[in-house]
Amino acid sequence: MKLLIDDANVEVIKKIYEYYPIDGVTTNPSILAKSGRPPYEVLKEIRRVIGQEAQLHVQVIARQAEGMVADAARIRSELGAGTYIKVPAIEEGFKAMKELAAQGANVTATAVYTPMQAYLAAKCGAKYAAPYVNRIDNMGYNGIQVAKEIHDIFKNNNYTTEILAASFKNSQQVLELCQYGASAATVAGDIILALVKNAAITAAVDDFITDFEKLTGQGRTMQ
Ligand code: E4P
């Protein structure tokens with residue numbers, strides 16, 4: 001399963017990129033708004049940190065299909081033609097997805113709450129569909145279950161569209177989809193940093209070092 005960072009904080013992205021095996025970054029308008037900076041300035045910095053080849057997903061803002069296509073053209077010219085264009089899976093969005101797919105753009109269907117949206121996005125030529133796991137849970141449904149159903153729809157119909165599960169509140173949700181074989185998950189920086197934050201792990205490593213130092217002296221390593 002690919003693991004992406006759902007964040008626009010450049011310092012957080014730098015840190016996670018240095019330490020963890022990461023496949024890219026996703027953003028949305030609300031995440032960009034948190035930075036309080038001009039969007040393309042932040043996005044270009046992120047592009048520099050992750051490199052031209054890594055996945056970067058950026059959402060269109062326009063409400064009508066024509067505007068979404070125009071947003072996508074600017075995003076691709078500023079950040080690279082391979083940048084994934086996040087398009088809401090709504091009526092105007094499906095029209096835009098068809099046009100963008102015909103242009104050869106990478107499309108990520110976003111704001112996916114139902115399997116029907118994901119099915120339509122796949123038929124429009126989207127590369128990814130992003131179900132909002134936690135937001136679906138908050139509506140009283142089962143977000144993990146919806147994500148699994150979308151995964152099954154893609155596999156059972158041989159669609160090349162992949163699932164990019166999004167909106168997580170904890171690492172268990174991420175693991176459950178990994179176990180199921182989901183193609184990709186995008187996870188907020190603080191949750192990625194918490195994935196292996198565990199007192200038992202830290203204590204075990206500390207004990208190994210302390211025991212070794214009893215043998216060789218403080219500060220000695222295998223060098
Ligand atoms: C991804 O496409 C979404 O923009 C994002 O994951 C939503 O996450 P949230 O529900 O935590 O805001």
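Laboratory data are not the source of any read-out in this text; all were calculated from the coordinates shown. Keep in mind that this is a model prediction, so the values were computed, not measured. Cβ: placed from backbone, ideal geometry, glycine included. Neighbour counts: every protein chain shown.
Which order do CYS178, CYS124 fall in if you start with the one that has the fewest other Cβ atoms within 10 Å?
Details: CYS178 15, CYS124 23.
The order, fewest Cβ neighbours first, is CYS178, CYS124.
Rounded, prolate or oblate: which fits region 2-189, taking a ≥ b ≥ c as square roots of the Cα gyration tensor eigenvalues, rounded meaning a/c under 1.5, else prolate when a/b beats b/c?
On the way: a/c = 1.59, a/b = 1.09, b/c = 1.46.
It comes out oblate by the Cα gyration axes.
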Which of the lysines could be linked to LYS127 by a straight reach, that is with a Cα gap under 30 Å, when you skip same-chain ones fewer than 8 residues away? LYS2, LYS14, LYS15, LYS34, LYS44, LYS86, LYS95, LYS98, LYS148, LYS155, LYS169
What is the spin-label model distance, in nm, from ASP152 to ALA33 if the labels are put 7 Å beyond Cα along the C-beta direction? 3.6 nm
For the chain, whose charge dipole is built from +1 on Lys and Arg Cβ atoms and -1 on Asp and Glu Cβ atoms, the candidate among ALA54, GLY104, ALA121 with its Cα farthest towards the positive end is GLY104
If the only charges are +1 at each Lys and Arg Cβ and -1 at each Asp and Glu Cβ, what is the size of the charge dipole of the chain around the Cα centre, to the nearest 20 debye? 400 debye
Integer Hz, Karplus 6.51/-1.76/1.60 couplings in order for region 45-57, x for Gly and Pro: 5, 4, 4, 4, 5, 8, x, 6, 7, 6, 6, 10, 10
Could you please rank TYR113, TYR128, placing first whichever residue has the fewest other Cβ atoms within 10 Å of its Cβ? TYR113, TYR128
Among GLN179, ILE201, SER77 - extreme Cα towards positive end, dipole of the chain, charges at beta-carbon: SER77
Rank the residues MET68, MET1 as a footprinting-exposure proxy: fewest other Cβ atoms within 10 Å of their Cβ go first. MET1, MET68
Roughly what would the spin-label model give for PHE212 and GLN52, points 7 Å off Cα along C-beta, in nm? 4.1 nm
Protection proxy (average C-beta count within 10 Å per residue), highest first, orders 50-63, 27-40 as 50-63, 27-40
Per the Kirkwood definition applied to all pairs of different Cα atoms, how many angstroms is the hydrodynamic radius of region 1-66? 12.3 Å
Can you tell me, using C-alpha contacts under 8 Å and at least 6 residues apart, the relative contact order of the chain as a whole percent? 17 percent
